[in-house]
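Q: Below are the structure tokens for one structure; questions will follow.
The values are calculated or read from the model by the stated rules, or taken from the named source; none is laboratory data. The structure presented is a predicted model; accordingly, all values stated were derived computationally and were not measured. Here Cβ is always computed from backbone atoms with ideal geometry, including for glycine, and neighbour counts include all displayed protein chains.
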């Protein structure tokens, strides 16, 4: 079992990674102070059918009343409706201020359950139990929230978990599309902060099917430590943390315009990263591996930009992004591989670049 | 103009009290850093018809785009529906992370607008501009939130404002019921922490019609300073802050069972305070002025417990209160006048006391 510590201004908490970490969960909960009065497991249909019984089984006899609530699967379920349903269930079960929420699932459940925990009676404790590769990113850092029809993750709070229990055993059941989605964030972490890790990935992970348990544990720890380092320096995203949004400005716009759930988060981010790389090359005049990385992502089956999306509407959506100020788009760009920075890019240049990117993608990437 | 400083772990901010404080608002906003990009005034129908034009007028020409959104009046409007509507409007107007929300209204607007600000893009800045006497309590301390059909203020966050601008000019238009509602919290502050202030109130405020501007400024400052002192020691209500809930455990249950809006918050709290005093006398065996304070509250036209409410259902609701843990009710009681403490009271004793209180109230207080 690997253990890491996340330090933020508001909290210090552990991340446990390994095949048998869930064995430690009951003792960890028992040791929390003030004593946990009751536990609510929030999960989705897919994950609960696979792992709810096993997880609940470990917590049944430790003394607290145990409840579980299951929402439908899919990012579009990170909705006001489900937020309200979770709160209602928690109230009906009599959860109090010393209750604990367990987020059992991928990023959608982590964000939703974290927002429920962050706002139920003005904030109760929660533990992240991620079940996807993608959640290596979202489970650490305390960002929680839900979608609004006008934008993804537009409503939420910063609320750090008590701990993250990352069972690699859960990852074995992931379908390939989910692996790919998670891998986009792993690649992102390497590109913004760790050139050596980027070369390791290119060399060691030749396909998403062949990741051994050892390599998986290694890359999880390495990717999480990049995230942890950034978050510890800037919990509330006043500066540095913004670089974690590499690929996300366009990525979010793609998800929003394609309709939540129509394209996976990681697939959208992979397109966003390619665009950001292209833009970085245009602005810096340097070779930042756009062609090589494009081919690499293509080999992993990451998709091209959905052809129905148009530059003008993508730009409009990007301008409503949380990172935009006064309607100007702030892009995360690369100075070098492993070195990111944020720059405001003016609308007309962005629109031209987007139009060119869309054309190139149609011609080359979709082949 | 009176100025006070509120200190909490997460923020230090000023409270301005006086007849002309709004004159200072434009400069204050201009001086905020990072620079405010746009301003959204949230208000309710009653307040906006009286003061929105005047308030907006002061902010029209300071450079930021200015929007306003009005929800219906009444505590029952502190709802998920209106929360969602405010967020939607904010997104439609393109509010970004450097925008500012101005809460223009009573406690309902302060709580709702504070929760919108606390969760919009995971938290943006806001300023409280209270327009009621009751809001002297809610505008300071950072508690925000909305109601759920299963309980009042069950969903929210701690989110401190940038400042509180308390214009006593706004209070002149308050109807008597609103004065009374606010005065309940003023009395509460005296009873839990300031015996001398309690005697001052008994002596100086013989009726709610005769409060001069001077006395009003004095009692506001004194009541807010009690609140500020408690909040500065315990921002997140892990201990001491709980004493501010004197009268609120039963008070909230009364509001909830009578139907939000059917009885004012202050009227419900006044009944809750009488019950807590009675209980304090039973437990301590001391004379804690129950009879005198009951008469005093009666003189001010505070009502008796609504006769349709029953002890069993009130107790059930109290057990779902945020201050309850494991289904046990924690009551705020008085040790002496001006000295409060929290004690768990067991169900059967609480039920007996409630039943007796209901009977006494029917016989004596309603006369």
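Q: Take region A:12-42 and flag every residue that is in a helix (DSSP H, G or I) and touching a strand residue (DSSP E or B) at 6+ places or on another chain (Cβ under 7 Å).
A: Those that are in a helix (DSSP H, G or I) and touching a strand residue (DSSP E or B) at 6+ places or on another chain (Cβ under 7 Å): A:21, A:22, A:24, A:25, A:28, A:29.
Q: Continuing with this model, one more query. Taking residue A:302 as the residue in question, decide whether it is within 30 Å of residue A:155 (Cβ to Cβ), part of a helix (DSSP H, G or I), in contact (Cβ under 8 Å) with a residue 60 or more places away in the chain and away from chain B (no Cβ under 14 Å).
A: On the way: within 30 Å of residue A:155 (Cβ to Cβ): yes; part of a helix (DSSP H, G or I): no; in contact (Cβ under 8 Å) with a residue 60 or more places away in the chain: yes; away from chain B (no Cβ under 14 Å): yes.
Here the answer is no, as residue A:302 does not meet what is asked.
Q: Also, quick follow-up: Please go through region A:312-336 and give me each residue that is outside any loop (DSSP other than H, G, I, E, B) and closer than 14 Å to residue A:252 by Cα, ordered by number. Steps first, answer last, please.
A: Residues of region A:312-336 outside any loop (DSSP other than H, G, I, E, B): A:312-319, A:325, A:328-336.
The answer is A:313, A:314, A:315, A:316, A:317, A:318, A:319, A:329, A:330, A:331, A:332.
For (1) surrounded by 22 or more Cβ atoms within 10 Å (Cβ to Cβ); (2) touching a helix residue (DSSP H, G or I) at 6+ places or on another chain (Cβ under 7 Å), each residue gets a yes or a no:
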position	(1), (2)
A:127	yes, no
A:135	yes, yes
A:138	yes, yes
A:149	no, no
A:160	yes, no
A:181	yes, yes
A:190	yes, yes
A:194	no, yes
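Q: Just checking, which of B:367, B:363 is more than 14 Å from chain A (Cβ to nearest Cβ), more than 21 Å from the chain's Cα centre (by Cα), assigned to a helix (DSSP H, G or I) and at pLDDT below 95? Spell out how you get there, then give the answer.
A: On the way: B:367 fails: assigned to a helix (DSSP H, G or I).
Just one listed residue meets the conditions, B:363.
Q: Test of understanding: among A:285, A:239, which residue is without any contact (Cβ under 8 Å) to a residue 24 or more places away in the chain and farther than 30 Å from residue A:142 by Cα?
A: Numbers: A:239 fails: farther than 30 Å from residue A:142 by Cα.
Going through A:285, A:239 in turn, just one is without any contact (Cβ under 8 Å) to a residue 24 or more places away in the chain and farther than 30 Å from residue A:142 by Cα: A:285.
Q: Does residue B:286 meet the test of being within 14 Å of another protein chain (Cβ to nearest Cβ) and assigned to a loop (DSSP other than H, G, I, E, B)?
A: Working: within 14 Å of another protein chain (Cβ to nearest Cβ): no; assigned to a loop (DSSP other than H, G, I, E, B): yes.
Considered against the rule, which asks whether it is within 14 Å of another protein chain (Cβ to nearest Cβ) and assigned to a loop (DSSP other than H, G, I, E, B), residue B:286 comes out as no.
Q: Next up: I'm told residue B:96 meets every condition in (1) touching a helix residue (DSSP H, G or I) at 6+ places or on another chain (Cβ under 8 Å); (2) crowded, with 20+ Cβ neighbours inside 10 Å except one. Can you identify the failing condition by its number?
A: Just one mismatch for residue B:96, condition (1).
Q: Could you tell me which residue of region A:342-355 is nearest to the chain's Cα centre (by Cα), considering only residues that are within 14 Å of residue A:281 (Cα to Cα) and surrounded by fewer than 14 Cβ atoms within 10 Å (Cβ to Cβ)?
A: A:343
Q: Taking helices (runs of 4 or more DSSP H) that do not extend beyond region B:175-252, which have at least 1 residues that are within 14 Å of chain A (Cβ to nearest Cβ) and at pLDDT below 90?
A: On the way: elements: B:176-193, B:195-204, B:213-233.
Passing ranges, in order: B:213-233.
Q: Only residues in region B:123-138 that are within 14 Å of another protein chain (Cβ to nearest Cβ) count as the first member; pair them with residues that are at pLDDT below 90 and in a loop (DSSP other than H, G, I, E, B), Cβ under 8 angstrom, at least 6 apart or cross-chain, and list the lot.
A: Partner pairs satisfying both residue conditions: B:123/A:236.
Q: Give me a count of the residues in region B:54-92 that are more than 10 Å from chain A (Cβ to nearest Cβ) and closer than 24 Å to residue B:21 by Cα.
A: 15
Q: Look through B:309, B:279, B:250 and report the one residue that is in contact (Cβ under 8 Å) with a residue 12 or more places away in the chain, closer than 19 Å to residue B:360 by Cα, crowded, with 16+ Cβ neighbours inside 10 Å and within 19 Å of the chain's Cα centre (by Cα).
A: Details: B:309 fails: within 19 Å of the chain's Cα centre (by Cα); B:279 fails: within 19 Å of the chain's Cα centre (by Cα).
Unique residue meeting the criteria: B:250.
Q: Quick one: how many residues across region B:141-155 are more than 7 Å from chain A (Cβ to nearest Cβ), closer than 14 Å to residue B:248 by Cβ and either outside any strand (DSSP E or B) or more than 15 Å from the chain's Cα centre (by Cα) (or both)?
A: Total meeting the criteria: 1.
Q: Among the residues of region A:93-107, what is the count of those that are in contact (Cβ under 8 Å) with a residue 40 or more places away in the chain and either within 11 Å of chain B (Cβ to nearest Cβ) or under 21 Å from residue B:80 (Cα atoms) (or both)? Break it down into steps so the answer makes sense when it comes.
A: Keep residues of region A:93-107 that are in contact (Cβ under 8 Å) with a residue 40 or more places away in the chain, which gives A:93-96, A:98-107.
With either within 11 Å of chain B (Cβ to nearest Cβ) or under 21 Å from residue B:80 (Cα atoms) (or both) added as a condition, the list becomes A:93-96, A:98-99.
The number of residues fulfilling the criteria is 6.
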